[in-house]
Each structure stands twice: as structure tokens, then as C-alpha cells.
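Take a look at the structure set out below.
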Amino acid sequence: MSPERRYALDALLDALGVPFDEAAPATEAELDEVFGLFTLAHERDTGLDQHGRALPPEEPPGPRVAEIAAELGRRMGVEPRRDGFLVALTHDVDLLGAGGFATALRRLGRGRFREGRAFVADAFTRRDPAFPLERMGPPSTCFFLARQDDPHDGYPKRYQPALASSLERAAADGREIGLHASYRARERAGGISEEAAKLPSNTLLQGLRHHYLRSAPERLAAELRTAGLRYDSSIGWPSRPGLRAGTPYPYRLWDPERRESGAWELPLVLMDATLAEDRYLGLGPDEAFDLAVETLEPVAQRGGAVAILWHPPSHHPILSKGYDRLYQRLLRWIEERGGRTGTAAETLDRWEARRTTE
């Protein structure tokens, strides 16, 4: 069996929660299809957007890996595990140090009265409207920027002075800390390792998400190995929700140089910006909730484990335009549907514990 097919078979058996068995009756066509999905072969001719990110195909793959795993399970007499599903709650901390009276006055001076009043209220209480930690709900993973060399990386003169205290607050609040790789990190070999080293030495880093989801998927395994990181959670489409790699399950990234599996990929299936921003779907909270449920339902049905992303300002009671309440509503739906939330690392811990070793 080739390394590529062995890798695909291991992923299918992991989805079923059973040990690796090379004799499992998967067809070569099925293994090749799974390998193609995990290496995003269906995106090779879709083109790129203005940020150099692959565009979604006209017909997204859906939960195809789960369908193949279920068929393999039927041949083996193994039922896919459906004892609940897992959702990692994650936050990309793109902005820090956004508050203060000067900012509030600038917003008011530009006629942005709603924002201005919110910033005034936050200034009086010395809260950062870009990072309303006390409103961000249950334990989550917060991905912080360590390098800001490109204009897309925000405002380093505000962000960097606020970074150390924000990291301390997040850790004290029970959040997992992750690396938010900069806009151009994918352009430098070893860039992830360099940026991880810029965070305080006492920061326990396990995971990564690329800013703007601007990763180089074919190099992720090597970059994570060099940086000593356990997982990535960048494989998702900015412009639409869904299962970019055709799977509702975590899977190992493929290392084409070594022809072996690498660190984990925790699929990102849903992002607040995708739902809310006019450049993408531009939905109000009610429409967004319906689409979010539609996106997560296949994960729930198949006992999967995925990540969702809410940027911290989307928890602000005024600035979020109702997306703070949408988040709480979505968490209630997850619980009622039998799901369990946690940090990205906790979600992977629970996923790995599902696989029998006998």
C-alpha cells in the first residue's frame, strides 16, 4: 500500500474510532478520493481571490469523507460513532488597544455615533472594545498575532503594547492561547516557528490559525513540525461556511516531502465575518443562525469535531449588531443537539480519546 493510501485509510478508520488495519476493505478509488479531498485537489483550478486564497469550487464536497467512512464501516460491521459531536470555540484576536476617549471622539467626529457612544462607555470603564473578554462566553482558544509587518495585520502601535496584558488576562480566564500567523507568514519558510518564538516564553502554544485564513496548505505539515505545534485550524473558506476538505472530522495534514502524516487539522466550518460582512454573505442575525445550524447539522449527524470562529468585537453589546446574541443562541443549539464545546486543544483531546486502541 502506498504511503498516500495508507494515510487515507488511517483517516477513515479514525473517523470510525477503530485501530489501523491495512486489511480494512476500502477500495483504491475511495482512498484516492479521500487523499484528494485532504490535499484540496478539488481547488486546483478554482482560481484565487485578491488575497491569494483558493476560491471554493462550484460544487463543494460536503461531508464526503464521512460518507465513505460510513460505507467502509458497513463492510466491516462497524457503526460510525455518533455519541455526540464536538465544537471548538475559537477567537482570532486581530485588534487590541482600540479603546480610549481619543478613539471615541474620532468616531463621533465622523458621524459614527453608535460606535462613538460605545467607545465612550468602554473608555469610562477602561475596557478594550476590540477584546471584550468578559463577554466572550465559555472556554475558547484565542489566536494572537505576534508579528505585524503588513498593513493587513492591523495596527502594531496599538496592538503590541496591549499584547502582554491581554495574553495574561486570557490565560487567567481559562482560554487556550494560540498563534495567529501574520498575513505574509506563509511566504517565508520557517515563518511559523519565527512568529511562535516572538510570544512570551511562558506561553504554552499548541495550535495555529493563519490571519485571513491565508495559509499554504501544502506546507502546513512541515511548518507545524518545525514550530513544534500540534494542530492548525486554518482550512476553511472565508467566503462561505462548510467543509472545505470534505470532512466533519479532524485529520492529519499530509507532508508531501516526507510522504507521511503530520500535525492535526481541525476543520474550520463557520466564521462570523463570513456571515456578517457585506463582502461575503451580509446576513442579519436570524438568517445567519439558520445558515449556521445548516452548516453544523452534518457535523452533529456524523459525530464530528470542528471549529467555529467568532472575532472578539462580535461579542460587543453594541458593535456586534446582534451577533453577540447570535453566538449565545448558537451555543444553546449545540448543547440541545447533543454537542460539547471547548477549546481547540480540548476538542482534539476528546477526539483522540474516542479511538479504541485494542
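The values are calculated or read from the model by the stated rules, or taken from the named source; none is laboratory data. Quantities reported herein were computed from a predicted structural model and do not represent experimental measurements. All Cβ positions, even for glycine, are placed from backbone atoms using ideal geometry, and neighbour counts span all protein chains on display. Just the protein is used for accessible areas: all its heavy atoms, side chains included, with ligands, DNA and RNA removed. Shrake-Rupley method; radii C 1.70, N 1.55, O 1.52, S 1.80 Å.
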When the range 327-358 is checked residue by residue, the ones that are of a type outside the set (K, R), within 12 Å of F85 (Cα to Cα) and part of a loop (DSSP other than H, G, I, E, B) are G338
L220: under 12 Å from the mean Cα position of the chain (by Cα), outside any loop (DSSP other than H, G, I, E, B) and either farther than 17 Å from R186 by Cβ or modelled with pLDDT of 95 or more (or both), yes or no?
no
Please find, among A292, A273, the residue that is outside any loop (DSSP other than H, G, I, E, B) and touching a strand residue (DSSP E or B) at 6+ places or on another chain (Cβ under 7 Å).
A292
Out of contact with any His (no Cβ under 8 Å at 6 or more places or on another chain), closer than 19 Å to A273 by Cβ and of a type in the set (S, T, N, Q): which single residue out of S215, S193 fits that description?
S215
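Residue by residue, here is whether (1) open to solvent by 30 Å² or more (accessible area, probe 1.4 Å); (2) touching a strand residue (DSSP E or B) at 6+ places or on another chain (Cβ under 6 Å); (3) not in a helix (DSSP H, G or I) holds:
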{"site": "G262", "(1), (2), (3)": "no, yes, yes"}
{"site": "Y280", "(1), (2), (3)": "yes, no, yes"}
{"site": "A300", "(1), (2), (3)": "no, yes, no"}
{"site": "K321", "(1), (2), (3)": "yes, no, yes"}
{"site": "R325", "(1), (2), (3)": "yes, no, no"}
Those residues of the range 282-298 which are farther than 27 Å from I318 by Cα and either surrounded by fewer than 16 Cβ atoms within 10 Å (Cβ to Cβ) or of a type in the set (S, T, Y) (or both) amount to E297
Say we look at the range 171-193 and pick out the residues that are open to solvent by 10 Å² or more (accessible area, probe 1.4 Å) and assigned to a helix (DSSP H, G or I); which of these is farthest from Q50 (Cα to Cα)?
A172
Between residues in the range 1-29 that are farther than 22 Å from P256 by Cβ and residues that are among the basic types (K, R) and not in a helix (DSSP H, G or I), which pairs lie under 8 Å by C-beta distance while being six or more apart or on different chains?
L16/R81; G17/R81; G17/R355; V18/R355; P19/R355
Quick one: count up the residues across the range 303-319 that are outside any loop (DSSP other than H, G, I, E, B) and either touching a Leu at 6+ places or on another chain (Cβ under 6 Å) or not hydroxyl-bearing (S, T, Y) (or both).
8
Scan the range 219-245 for residues that are polar (S, T, N, Q) and either surrounded by fewer than 24 Cβ atoms within 10 Å (Cβ to Cβ) or in contact with a Phe, Trp or Tyr (Cβ under 9 Å, 6 or more places away or on another chain) (or both) and jot them down.
T226, S233, S239
So R244 ticks every box in (1) out of contact with any Gly (no Cβ under 6 Å at 6 or more places or on another chain); (2) part of a loop (DSSP other than H, G, I, E, B) but one. Which box is left unticked?
(1)
Answer yes if at least one residue in the range 336-343 is touching a residue at least 40 places away in the same chain (Cβ under 8 Å), in contact with a Pro (Cβ under 8 Å, 6 or more places away or on another chain) and buried (at least 23 other Cβ atoms within 10 Å of the Cβ), and no otherwise.
yes
Total residues in the range 124-170, condition open to solvent by 60 Å² or more (accessible area, probe 1.4 Å) and touching a Ser or Thr at 6+ places or on another chain (Cβ under 8 Å):
2
